[in-house]
Amino acid sequence: MSKISQYWQIAQDTLSGDQNADRVVPPSGYTASLTTFVSFAMAFLTVFALALFLATGRLADRWATELAGTSTVRISAPAGQMDAQAKTVLGILETTPGIASARLMSEDEQRRLLTPWFGVDLPMDNLPIPSLVEITEEGVGPDVNGLRLRLQAEAPGAILDDHTRWRRPMVKAAQRLRLLGGLSIGLIVGSTIAMITLAAQAALSANGQVISVLRLIGARDNYIAKAFVRRFTIRAFLGGLIGSLIAMLFIYFLPAVAEEGAFLTGLGFQGVQWLLPLFIPVIAAIIAFVSTRFAANSKLQRTA
Amino acid sequence: MIELKRAGFSYGGGAILADVDLHLTKGSFHFLTGPSGSGKSTLMKLCYQALFPSAGTIKVFGKDVRAMTHDDIAIIRRRIGVVHQDCQFLDHLSLAENVLMPSQVSGRDLNDDLQNMNQLLNWVGLTKQINSLPPQLSGGERQRAALARALILSPDVILADEPTGNVDWEMGQKLLNLLIELNKMGKTILIATHDMNLIRVAKPQVAARVLRIQDKRIVAGGADL
Ligand SMILES: Nc1ncnc2c1ncn2[C@@H]1O[C@H](COP(=O)(O)OP(=O)(O)OP(=O)(O)O)[C@@H](O)[C@H]1O
Ligand SMILES: [Mg+2]
């Protein structure tokens, strides 16, 4: 905890440090633009990875909830056998592993389900409406083929309808994609740390003479480190900000695709999620701050 | 202020200095002479912790140099004004900024030292070059600038390595007089130089001891002057 507050203190006086302190390090050429560019590119990529992560997460959640408890058994039988078959079906389902509960829908419920299709004054009594048994699954669900065979043998009018089952691999795919998105963000963070550390080390080596002059006249290591850290932090922040904003524009103006392309249109941010990419430059700045600080401390510690 | 006891040093090969005893007491004035390559600059560096002794002990302001951290050394260098033989500057900053740099890195209010800087640059005759970059200065101008920078924090000790090496005789005397003035104000001064005439001029004005590096050791010198 004290370590964190110590770092917070250092961060504060790094950023509030006087402008003059910056100038002690010459405006070095390529390491400076390299840092800005790396931060820009990484922020840009992170926005897409983040969008992928969020969109696939949403998709997986939605499909998963649609799946849960949606299988049904439809019983079509002559009026006289209906009740008997329904009983048999319920009995079978009760003893089938992977099924939490099974419930025969009442006529009212069925009427409500059908209303959108046939209107309110549907003469249910005159129609051969099948009975529906609603199944709530548990765990991985029942063994579908086994259940089908048993139903066929004992209640020939019963048909197991698991029309949502085909979505199962898609949920898996969506979860994989989300994992991939998360993994990409992790890799981007890792490469950013590596590249900024390299750039900082290059800048420190290129300025060996400056460092020794500063030491000769009584500069503390902390002062020297700050001059470098401040620069890299500011550059990473600016690069990250520009990268994030441009990527957000791209995503905002992604052409809207119709329903069948739901996956593509889903690639974006919703509501407050639009605020998330704005944290990217801040995180880039923190990464630059910590990496440069470490690079500077170890370099200064090593050289007398 | 600075005390060497049986101090020895080598860069890795043979010893450059061996069994050196030297005590710079407060307000003392020393000249350090010796042939080129005899180890004058090396001895100076040992005094401001650019180098550390391979044998013996060195104490600066009462503290053993081996026990010092980087921060301790930084603080010590604010109390020791150093004129490096090859005058190192920050080449991308103006002369004025370079001279003020010790003040800046020690976190002082620059406004307090501005007047001090103008006076010092006036003394060393660099008022016109105030906005020049160090690479644009001549060798002698750089040496004078280095002296101005060494004095900006009005340090207790001044270590000057060949401060008059590249300047004409008149300017050399002017700089010497400046150092003698500072000594009269109580500053401890050590000047490494080849220039026997400079020592000759100084002798009547100040109680200076002349040291000579001979065979890796310090011996009293200047008897012939
Ligand atoms: N960094 C170094 N590595 C190895 N040897 C060195 C190094 N610096 C100096 N020397 C050697 O140490 C010896 C003393 O050097 P030093 O610079 O102290 O001499 P000096 O008395 O100041 O000479 P000058 O009057 O020419 O300035 C020389 O022989 C030099 O070659
Ligand atoms: Mg020398």
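The values are calculated or read from the model by the stated rules, or taken from the named source; none is laboratory data. None of these values were measured; they are calculated from a predicted model. Neighbour counts run over all protein chains shown; Cβ positions are idealised from the backbone, glycine included. Just so you know, the surface numbers come from the protein's heavy atoms only, side chains and all, with ligands and any DNA or RNA stripped out. Shrake-Rupley method; radii C 1.70, N 1.55, O 1.52, S 1.80 Å.
Observations, loosely collected:
- Separation in nanometres of the label points that stand 7 Å from Cα toward Cβ, at residue B:110 and residue B:79: 2.7
- Measuring nothing but how far apart in sequence close Cα pairs (under 8 Å, 6+ apart) lie, relative to its length, the stretch A:70-163 scores a relative contact order of 51 percent.
- The stretch B:115-203 shape via C-alpha gyration tensor axes, a/c threshold 1.5: oblate
- Nearest-0.05 FRET efficiency for residue A:298 and residue A:183, computed from C-beta distance (R0 25 Å): 0.30
- Available extension along the chain between residue A:209 and residue A:87 is 34.9 nm, counting 0.36 nm per residue and deducting the alpha carbon span.
- Neighbouring partner chain Cβ atoms per residue of A:205-218, average, 10 Å criterion: 6
- Nitroxide proxy distance, nm - points 7 Å out along Cα→Cβ at residue A:170 and residue B:67: 7.6
- Helix axis angle, B:110-123 relative to chain B longest principal axis, alpha carbon, degrees: 80
- Calculated FRET efficiency, residue B:215 to residue B:136, Cβ-Cβ distance, R0 = 35 Å: about 0.25 to the nearest 0.05.
- Principal-axis tilt of helix B:95-105 within chain B, Cα atoms, nearest 10 degrees: 60
- Per residue Cα convex hull volume in Å³ - calculated over the stretch B:170-225: 87
- Note, ³J(HN,Hα) from phi for the stretch A:106-111, Karplus 6.51, -1.76, 1.60, rounded to Hz, x at Gly and Pro: 6, 4, 4, 4, 5, 4
- Backbone HN-Hα couplings from phi across the stretch B:72-77 [Karplus 6.51/-1.76/1.60, Hz, Gly and Pro as x]: 4, 5, 4, 5, 4, 5
- Exposure ranking of B:70, B:84 by accessible area [1.4 Å probe, largest first]: B:70, B:84
- Sorting A:252, B:48, A:223 by accessible area puts them as A:252, A:223, B:48; the probe is 1.4 Å, largest comes first, and only protein heavy atoms count.
- Gaussian network model of chain B, Cα within-10 Å springs - most flexible of B:67, B:50, B:150: B:67
- Pairwise FRET efficiency - residue B:23 versus residue A:22, Cβ, R0 = 45 Å, nearest 0.05: 0.60
- Alpha-carbon centroids, the stretch A:81-97 and the stretch B:135-178: separation in whole Å: 106
- Each of the peptides B:101-110, B:156-165 was scored by the mean count of other Cβ atoms within 10 Å over its residues; in descending order, highest first, they stand as B:156-165, B:101-110.
- For residue B:167, net neighbour charge (Lys/Arg +1, Asp/Glu -1) across residues whose Cβ lies under 9 Å away: -1
- Relative to the compact-globule estimate of 2.2 N^0.38 Å, the Cα radius of gyration of the stretch A:170-224 comes out at 2.05.
- Rounded to the nearest 5, the antiparallel percentage of DSSP beta bridges internal to the protein assembly as shown is 60%.
- Greater than 25 Å apart at Cα, pairs in B:5/B:174; B:59/B:216; B:40/B:63; A:299/B:5: B:5/B:174; A:299/B:5
- Shielding value for B:100-107 is 6, the average number of Cβ atoms from other chains within 10 Å of each residue's Cβ.
- Between residue A:202 and residue B:169, the modelled label-to-label distance comes to 5.4 nm, taking each label 7 Å out from Cα in the direction of the beta carbon.
- Helical mean residue ellipticity (222 nm; -39500 (n - 2.57) per DSSP H run of 4+; nearest 500) of the protein assembly as shown: -17500 deg cm²/dmol
- Relative contact order of the stretch B:1-58, taken over Cα pairs closer than 8 Å and 6 or more residues apart, is 45 percent.
- Convex hull per residue volume in Å³, alpha carbons only, for the protein assembly as shown: 217
- Positive minus negative residues near residue B:88 (Lys, Arg vs Asp, Glu; Cβ under 12 Å): 0
- Surrounding net charge for residue B:152, when Lys and Arg each add one and Asp and Glu each subtract one, Cβ distance under 15 Å: +2
- Relative contact order [Cα under 8 Å, 6+ residues apart], the stretch B:90-152, whole percent: 50
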